[in-house]
Amino acid sequence: MTANILEVRGLQKHFGGNYVTQDISLDITEGSKEAIIGPNGAGKTTFFNLLTGYHRPDAGTVTFDGRDITGWPPHRIARAGIARAFQVSNIFLRMTAWENVRSAVHAQMGQSLNILGSAAKIGAERTREVLALCGLEAQSATVAGELSQGDKKKLELALALGARPRLLFLDEPTAGMSLEETRDTMALVDRLNIDLGLTILFTEHDMNVVFNHASRVTLLHRGEIIVWGTPDEVRGNATAQKIYLGEHQL
Amino acid sequence: MADLNALLIQLFAGLSRGMVLFLLSAGLSLIFGVMNILNFAHATFWLLAGYITVTIYAYLADTFAPGFLLLVPAVLGATAIMVALGLLIERVLIRRMYDRELPEQLLLTFALVLILGDVIKLIWGVQNRRIFVPVTPMQAFGVFINPYYFFLIGAGFAVAIGLWLFLHRTKYGRIVRAAVYNREMVNALGIRIPMIYAGVFAAGVGIAAFAGGIFSPLLPMALGNDIDIIVQCFAVVVIGGFGSILGTFVASLLVGIVYSFSILIWPDGALAMIFLIVIAVLIWRPWGLFGTELRS
Amino acid sequence: MGSVRHGTALLTKGTNVSIDSAPVIQKTTPRSVVARTFGKWGLSGAATAIVFVGFVLVPLVPGQFWIYVATEILILGLLAMSFNMLYGYMGQISFGHAAYFGLGAYGAGLLMRFFRPGGGEIGYLDFFLSLLAGPPVAAIGALVISVFVVRLTGIYFAILTLAFGELLYYIVFSWYSFTKGDDGVQGLLPPPFFQDAVNYYYFTLAVVLISALLMWRILESPFGYTLRTLRDNQRRAAFLGINVRLHMSVNFVIAGTFAGISGALWGPFQRSIAPGLLGWQESGVAVFMALIGGSKIFIGPMVGSAIYTFLHAFVTIYTVYWPLTIGLVIMAIVLFAPGGVLGLFQSWFDRMTKKNDATADRSAQTRQDENTL
């Protein structure tokens, strides 16, 4: 019986009087690859924000690998093994791709406070690995701000991977991508999950991606979980269909 | 009774100083709130307006009898000139800085301080300038007070109320306030942002100039006053909160009075006291007493 | 794209970039010579070398005046470089950095006065002890203040550092019994050997050089690159597991300590110290220097110090309107050359090295003067 790597209980968040996350509970088993879907404004990004420490929940608990991480600040959660790739590439624009990933590697190695070592000599192996994994090795020396949009997204993912996470959140990983790019990206995600054993939770609007790659799907609407289950179960659910009527063909 | 006299005089001094601070800080706060530019040179505009007022007044006083009435065209003239200058500077310099990083904006407006300061020196020399308006002291609260203080305090209130009414009750004011919160949306609504910016900047400078003008009978215009004052204005804006008229008003009075009374107790440390308050506010509540958490 | 070394690989003995060099067609045009010679080092390395050689050669110029100017350039340049650790490398502007310069100066100066209460020349041991006292005082001041300032960024950081700087100024100014307040401390005379301008100059050069090397080491360490992440995207850095406040605090203390070193050198140089050394005007000078020389390049602030100090020495001979002059210079730089003087050179340099490598186009294009550090 595989353990739950993440357990969320009764998570709540409100801004002013607006409840953006209402009593969410869910479990994620280690090694799974799941999707969270929902119309815009359903609260998917807020959910990620809560799980990664960007917002503090008003109520509820989050347990990661048996440890209570509720209310932890982002850097502590990251050090614990949760990483996140953002929808809009959120990279270090003035540094090269190599330096970007290397920063993540150094942070994970606990080297970020090393003031006398040589940055060039530490973590080079792993940095190269991650860049190669994401297909960015040729762009190592390119300054991040000058990368193409596609490469920026790859770097976005590479940054998250550099920290050697066990649980990875991907915020709309294929947003704005062509068919071929989508295929490549999701192939990589599959590889990360199967070969490296990463647990992956992603949000998506592209239903093909969801149904082809997620073992389980959770549907959020107005901050609540409406339904969750296998892709087929969700697809067949009447409420789900109503929510998406006019938006997507399930 | 002498002590009470001193206290009362300090109170009035503090209040009127608070008014200067308010008039200056209101413009500063608005400009920062709307345009995200911290105008270091704001107090220098004020100083320049003061010098211009003195000059116009002196010129008029040659022909007409000196008195408060003469102050009106002097102040109006100075304000008009400064508004024009402000529009020019906004168009030529400030406009280029909107997309730039904060340190570059700060340095540009600071460079303006240096340049304008020396321009003042070039034109008016290093002598202090002052308007002498003959006035009979009034008696109030058992003390003899220059009635001009009342006028100043009244003017300050009037501007405060007028500004608040403009921002909260008129269409243009609402647009300006909206721009503080969300520049892009206002632009998307078809309202021309550059014009709003120019208008806000000119208005801020205008109010500062007005302050410079009406205070010229009271405060001697001296080089370096601008730098003293601008730092206090920063303190006011931080304490009160960027973009909040009420906050600026309260904070101005607070700083003005603290400053005036500190002079009695610890003359050299008046400014230090104010900095302590600033530090406390920044640590405990960085968006100020009345501000809302700023968009980053 | 491989053979172009960017400014990021400053003075590197080996780069961290594992790309194969594309074969370069060897030409012998002047351009290619420049590219080959300086390509390995990058502009920053070349500039550093030129600057260092220049400093060594200064005493060859006749007259004591230039020695004094050069000493001043060195000391204030170190101050400006320490400021740039916060600004160019970490992205925050501090308007109260000179406070640590002043603390270093007072730490050293007051101890010198303690060894020789009436003022006057002190012994060698006392002198070195005094100098060593400066940086720790600055470091402690920076440590205490860092606790507060690292909670904020941007404009709030700027104002808070200004406020604290002014507070420290007032403390020094008002504590007459200890610091002699506004009178300052005069008669700070170093031992005989160091009273000679040239000797003191070379001593300063040695100290500044060692400090710069140490600073370089720190900025090229994992910590140094972590600072750059804070500059580029503080939020993302946190999501990578970086404790932002801690790193800001450590950098603040390190930068303050370097400022303290420069302060300690200042007292014996000027033979006196005054509270003004801690004030915002002095802080402003450090900011100007970093900006004028170029905040995106390691040696930029030192170059800025040279330009600023020369300009100041020169202009004040002819006119009293120095603020006007420097104001116009700053405005020109901000509007037309925000990367500073070295930033301008960087663009030129990139254009030069780009033309010589068939495969260089892509990465040369990636080099804009914003991306040097």
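Fully extending the segment from residue A:230 to residue A:190 would add 12.7 nm, taking 0.36 nm per residue of separation and subtracting the current Cα-Cα distance. Neighbour counting of Cβ atoms within 10 Å sorts the residues A:13, C:296, fewest neighbours leading, into A:13, C:296.
The simple spin-label model puts a point 7 Å past each Cα toward its Cβ; for residue A:61 and residue B:263 those points are separated by 6.2 nm. Legend: mean number of C-beta atoms from other chains within 10 angstrom of residue C-beta atoms, peptide A:75-88, equals 3.
Note on residue B:72 and residue B:95: the model spin-label points, each 7 Å out from Cα along the C-beta direction, lie 3.6 nm apart. Look at the alpha carbon pairs under 8 Å that are at least 6 residues apart: their mean separation over the length of chain A gives a relative contact order of 26 percent. In a fully extended conformation the segment linking residue A:222 and residue A:15 would gain 73.2 nm over its present Cα-Cα distance, using 0.36 nm per residue. By DSSP, the beta bridges lying fully in chain A are antiparallel in about 55 percent of cases. Neighbours of residue C:96 by Cβ distance under 11 Å: Lys/Arg scored +1, Asp/Glu scored -1, total -2. Please enumerate, by chain and number, the aspartates and glutamates with C-alpha under 15 Å from the C-alpha of residue B:121, excluding those fewer than 8 residues away in the same chain. Qualifying aspartates and glutamates at Cα under 15 Å: B:226.
Among A:64, A:202, A:15, the residue with the largest mean-square fluctuation in a Gaussian network model of chain A, with springs joining Cα atoms closer than 10 Å, is A:15.
Note on residue B:64 and residue C:182: their simple-model spin labels are 4.1 nm apart, each label 7 Å out from Cα toward Cβ. Membrane-span-like helices in chain B, defined purely by DSSP H runs whose alpha carbon atoms cover 20 Å or more axially and whose average Kyte-Doolittle hydropathy reaches -1.0, are B:2-35, B:42-63, B:68-92, B:102-124, B:148-169, B:193-215, B:225-240, B:245-265, B:270-284.
Positive contributions from Lys and Arg (+1) and negative ones from Asp and Glu (-1), summed over other residues with Cβ under 14 Å from the Cβ of residue C:197, come out at -1. Within chain B, the longest run free of trypsin sites (Lys or Arg not before Pro) that sit in a DSSP loop with at most 16 other Cβ atoms within 10 Å is B:193-294. Sequence-distant contacts, meaning Cα pairs under 8 Å at least 6 residues apart, place the relative contact order of the stretch B:224-296 at 38 percent.
Taking every alpha-carbon pair in chain A and binning the separations at 5 Å intervals from zero gives 1, 6, 13, 17, 19, 17, 13, 8, 4, 1, 0, 0, 0 percent. Shielding by partners for peptide A:119-125, expressed as the average number of C-beta atoms from other protein chains within 10 Å of each residue's C-beta, is 5.
Give me the distance between the Cα centres of the stretch C:281-309 and the stretch B:115-129, rounded to whole Å. One Cα centre to the other: 28 Å. Highest average first, the peptides A:44-50, A:142-148, B:259-265 ordered by how many other beta carbon atoms sit within 10 Å of their residues are A:44-50, A:142-148, B:259-265.
Per residue, the Cα convex hull of the stretch B:204-296 amounts to 114 Å³.
In chain A, the longest principal axis of the Cα atoms and the axis of helix A:124-133 are about 40 degrees apart.
The distance separating the Cα centre of the stretch C:154-206 from that of the stretch B:170-222 comes to 41 Å.
Packing, as the average of other Cβ atoms within 10 Å across residues, places the peptides A:104-113, A:169-178, C:301-310, C:102-111 in the order C:102-111, C:301-310, A:104-113, A:169-178, highest first.
Restriction of the trypsin sites (Lys or Arg not before Pro) in the stretch A:73-161 to DSSP coil positions whose beta-carbon has at most 16 other beta-carbons within 10 angstrom yields A:121. Of the GluC sites (Glu not before Pro) in the stretch B:80-134, the ones in a loop by DSSP (not H, G, I, E or B) with at most 14 other beta carbons within 10 Å are B:101. Per the Debye formula on identical point scatterers at the alpha carbon atoms of the stretch B:1-83, with no solvent, log10 I(q)/I(0) at q = 0.11 Å⁻¹ is -0.46. Of all DSSP bridge pairs formed entirely within the protein assembly as shown, close to 60 percent run antiparallel. Around the amide H of residue C:189, modelled in the peptide plane, lie the amide H atoms of C:120, C:122, all under 5 Å away and 5 or more residues distant in sequence or on another chain. Once you've got the Cα coordinates, tell me which of A:44/A:242; A:44/A:153; A:121/A:154; A:13/A:152; A:33/A:153 are over 22 Å apart. With Cα atoms farther than 22 Å apart: A:121/A:154; A:13/A:152. Shielding value for B:260-272 is 2, the average number of Cβ atoms from other chains within 10 Å of each residue's Cβ. Relative to the first principal axis of the alpha-carbon coordinates of chain A, what is the inclination of helix A:97-109, with its axis defined by its Cα atoms, in degrees from 0 to 90 and to the nearest 10? The angle comes out at about 80 degrees.
Read the figures in this text as sums done on the coordinates, not as results from a lab. Since the model is a prediction, treat every value here as computed from it, not as a measurement. Cβ sites come from the backbone with ideal geometry, for glycine too, and all protein chains shown count toward neighbours.
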